[in-house]
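Data first, discussion second: the structure below is written as structure tokens.
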Amino acid sequence: MTTQAPPPGRLAIYPGSFDPLTNGHVDIILRGARMFDRILVAVLVNAGKQPMFEAVDRVNMVREVFREYPNVEVDTFGGLLVDYAREKRATVIVRGLRAVSDFEYEFQMALMNRHLEPALETVFMMPAEQYTYLSSRLIKEVVSLGGDVHGLVPPLVEARLRERRQA
Ligand code: PNS
């Protein structure tokens, strides 16, 4: 357990692949920004499978959407989340919980992260009901098959997805 005092202001990390950012993510980030002094959206660089968007694009999209929110920061990370959280002196990990199906994976991850760094607390937040069925994976599938994702992702993400489909 770390004995260092955290810096002034409570920093929460919201980690994920964000490939791409959805309105479900936006909802959680806004809730986190109200709850904590600062929220750091941490975009995983090596998102195992081939991501649709490079990390730099994913970061830029989040930055653009939250450019008017001074307490929302965006960065990339690789390696263990707990190491990154320690480096940033964050005290909280934020994760969204949409449905019971998320629970097992999130529970395992939260307890593993607690094993690795007991001082880091995971906080789960539920997005608004209209986003409980949303995932980046489904967005990509719908877009690749020519479906409409209007209202499910921020307008600039929708535009980027459209460009990708046309390319
Ligand atoms: O949006 P995702 O893909 O569900 O996010 C998963 C993420 C990035 C939170 C998770 O894969 C992660 O923390 N990866 C970093 C590596 C790590 O620390 N693994 C051990 C966690 S138990």
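With runs of 4+ DSSP H residues as the only contributors, calculate the mean residue ellipticity of the chain at 222 nm using -39,500 (n - 2.57) per run, divided by the residue total and rounded to the nearest 500. Mind showing how you got there, number by number?
Working: 6 runs with 70 residues, N = 167.
After summing the helix terms and dividing by the residues of the chain, the value is -13000 deg cm²/dmol.
Below 8 Å, C-alpha to C-alpha, sequence gap of six or more: please give me the relative contact order for the stretch 89-167 in percent. Numbers along the way, then the final one.
Values: 54 pairs, mean separation 23.4, N = 79.
Relative contact order here is 30 percent.
Can you list the trypsin sites (Lys or Arg not before Pro) in the stretch 30-122 that are in a DSSP coil and have 13 or fewer other beta carbons within 10 angstrom?
Qualifying residues, ordered by number: K49, R67, R89.
Percent of accessible area on the stretch 11-166 owned by carbon and sulfur, 1.4 Å probe? Show your work: numbers first, answer last.
Working: 4470 of 8360 Å².
The nonpolar share, carbon plus sulfur, comes to 53 percent.
Whole number please: convex hull volume per residue, Cα atoms of the stretch 39-80, in Å³.
Values: hull volume 2.5 nm³, N = 42.
Given the Cα convex hull of the stretch 39-80, per-residue volume reads 59 Å³.
Compute the signed sum of charges (Lys and Arg +1, Asp and Glu -1) over the other residues within less than 12 Å, Cβ to Cβ, of V59. Mind showing how you got there, number by number?
On the way: positive: R58, R63; negative: D19, E54, D57, E64, E73, D75.
Residues close to V59 contribute a combined charge of -4.
Cα convex hull of the stretch 70-167: how many Å³ per residue?
Working: hull volume 14.2 nm³, N = 98.
Value for the stretch 70-167: 145 Å³ per residue.
How far apart, in nm, are the 7 Å Cα→Cβ label points at R63 and V123?
Here the answer is 2.6 nm between the modelled labels.
Please compute P(r) over all alpha-carbon pairs of the chain, binned at 10 Å starting from zero, and give each bin as a whole-number percent.
Reading the bins upward from 0: 10, 39, 37, 13, 2, 0.
First measure r as the distance between the Cβ atoms of V100 and V56, then evaluate 1/(1 + (r/R0)^6) with R0 = 35 Å and state the FRET efficiency to the nearest 0.05. Kindly include the intermediate steps, with their values, before the conclusion.
Values: r = 35 Å, r/R0 = 0.99.
According to the calculation, E is roughly 0.50.
Give the distance, in whole Å, between the Cα centre of the stretch 94-113 and the Cα centre of the stretch 14-84.
17
Whole number in Å², please: accessible area per residue of the stretch 97-152, 1.4 Å probe, ligands, DNA and RNA not counted. Don't jump to the answer; show the numbers that get you there.
Details: 3740 Å² over 56 residues.
Value returned for the stretch 97-152: 67 Å² of accessible area per residue.
Please compute the net charge surrounding A159, taking Lys and Arg as +1 and Asp and Glu as -1 over other residues with Cβ under 12 Å from its Cβ. Present the calculation step by step, with values, prior to reporting the outcome.
Working: positive: R160, R162, R164, R165; negative: E64, E158, E163.
For residues surrounding A159, the net value is +1.
Please list the non-local residues whose amide H lies under 5 Å from the amide H of V94, H modeled 1.01 Å from N, same-chain partners needing a gap of 5 or more.
Long-range HN contacts for V94: I13, Y14, V123.
The values are calculated or read from the model by the stated rules, or taken from the named source; none is laboratory data. Bear in mind that the values here come from a model prediction, so they are computed numbers and not experimental data. Because the Cβ atoms are built from the backbone with ideal geometry, glycine has one as well, and the counts that use them run over all protein chains shown. These accessible areas exclude ligands, DNA and RNA; they are computed on the full protein's heavy atoms, side chains included. Shrake-Rupley method; radii C 1.70, N 1.55, O 1.52, S 1.80 Å.
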